[in-house]
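Written out below as structure tokens is the structure these notes cover.
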Amino acid sequence: MAAERSYKSTPRTRKGALTSFGSRTDIGCLRDHNEDSLVVTPPLYAVADGMGGHAAGEVASEIAVRVLSEQAPAHPDGAELGRAVENANRAVIQAAHEGRGRQGMGTTMTAAMLEGERLVIAQVGDSRAYLLHQGKLQQLTRDHSLMADMIEAGQLTAEEARTHPQRSVITRALGSDVHLHPDIYEINVETGDRLLICSDGLSGMVFDDEIENTMRRIQDPQRCASQLVNEAIAAGGHDNVTVIVVDVTGYAEVRRKKLARKTKLSIALVLVLFAAIIAGAVWGTQTYLNTTAYLANDNGKVAIYRGVPGSVLGLTFSHLEKTTSVEVDQLQPGVANRLNDGIRVDDMEAAEALVKEYEDEIAQKNDNAAEGGETQDNAKDGDDKDTQGGAA
């Protein structure tokens, strides 16, 4: 793994959590070999910075990351991750005893597991884990180094430590103590945060505020990791430099899918309701049209239509039920004019009743006319008799 330069930044899904990451390792400007190794197998990310010289440091770091990869838990678990690091430590010690590498070889180890919005870190040595949260960079791990101890004791400042002749002395590393235990950090992160794991080839060459600026400025994690390595090299590249950048996306993809499903269900529900409303409207309209009625002029006869008169966009909403024997010209002029537009009634029964009224009205009119004619005939007969009597 020491010869590996970088991994392509590719979103990958595990248990519904989308993770985007990038990584790069480089030999630097002064070394003739790369003693750093890295693991980028979501949800596991780790950097190991080997020490002990050629054919030793790289052996220690490679053994450490191999054992870590094999024994790390499937999901973030501080105790299990810590045990995997402890087993990696024993594997490095055993390898030295067996003649693989050299006696005294060792390696740092900063291993992180990120899943959803839960982050677990197991750390030994001075490789660091940082978190960019709301645009501010904060160091999550504490260096196991002489400089860190001296800074905490107030014996020198962080600026002085960067140029101190003993700045490379670390106080804890894999391969040095069979009883070694890593520091464990369990952190709840947020969607939008960004995790950085790096060897001291970056943190020892580039100031934290410059790292923060780059991590804020470059959105793509692979480009960000490459740029951070470039900045370490531009600053002198005195050591191997390895960088892993991981974006915390939490369960954004799960939430997006849930929202999409909810949206689809909402749309389906709206469509169903709309269809129900349309169906109800059609049913109601059809029911209304089947029960309501009107009378109209059909070629001089009073006709009964089921529905309503008139049309909309060329569509009619009625049909002829029957044509009666009632002559329109026998009705009153006002009624005859209204029949040309259609006289609405509540239902077929009312239509039949109205037709019956017209029939009765016409019959009454005819009866009256007949009676009037008979009276006139009787009067004429009387006049004739009077005339005859007078003549006699």
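I'm checking my understanding of the structure. Among residues of the stretch 331-352 that are in a helix (DSSP H, G or I) and open to solvent by 50 Å² or more (accessible area, probe 1.4 Å), which one is nearest to Lys301 (Cα to Cα)? It comes out as Asn340.
From the list Glu190, Glu186, the lone residue that is under 21 Å from Gly22 (Cβ atoms), among the charged types (D, E, K, R) and open to solvent by 70 Å² or more (accessible area, probe 1.4 Å) is Glu190. If the condition is being open to solvent by 10 Å² or more (accessible area, probe 1.4 Å), touching a residue at least 24 places away in the same chain (Cβ under 8 Å) and closer than 17 Å to Gly52 by Cβ, then the stretch 97-121 contributes Arg100, Gly101, Arg102, Gly104.
Within the stretch 122-139, the only residue that satisfies the criterion of being of a type in the set (D, E, K, R) and surrounded by fewer than 20 Cβ atoms within 10 Å (Cβ to Cβ) is Lys136.
Give the stretch 35-56 a look and list any residue that's of a type in the set (Gly, Ala, Ser) and over 13 Å from Met109 (Cβ atoms), or say none. Outline the logic, then answer.
At the first step, the residues of the stretch 35-56 found to be of a type in the set (Gly, Ala, Ser) are 37, 46, 48, 50, 52-53, 55-56.
Scanning the stretch 35-56 gives Gly52, Gly53, Ala55, Ala56.
Answer yes or no as to whether Thr163 is open to solvent by less than 60 Å² (accessible area, probe 1.4 Å), β-branched (Val, Ile, Thr) and either not assigned by the TED database to the domain that holds Ala88 or not in a helix (DSSP H, G or I) (or both). For Thr163, the condition - open to solvent by less than 60 Å² (accessible area, probe 1.4 Å), β-branched (Val, Ile, Thr) and either not assigned by the TED database to the domain that holds Ala88 or not in a helix (DSSP H, G or I) (or both) - is not met. Figure legend. Inter-residue proximity from the stretch 128-147: first residues within 22 Å of Val169 (Cβ to Cβ), second residues of a type in the set (S, T, N, Q) and open to solvent by less than 20 Å² (accessible area, probe 1.4 Å), beta-carbon distance below 6 Å, spacing 6+ or different chains. Indicated pairs: Arg128/Thr141; Arg128/Ser203; Ala129/Thr110; Ala129/Thr141; Thr141/Gln123.
The values are calculated or read from the model by the stated rules, or taken from the named source; none is laboratory data. Note that the coordinates shown come from a computational prediction; the quantities given were computed from them, not determined experimentally. Backbone-built Cβ (ideal geometry, glycine too); neighbour counts: all protein chains shown. The area values use the complete protein model at the heavy-atom level, side chains included, leaving out ligands, DNA and RNA. Shrake-Rupley method; radii C 1.70, N 1.55, O 1.52, S 1.80 Å.
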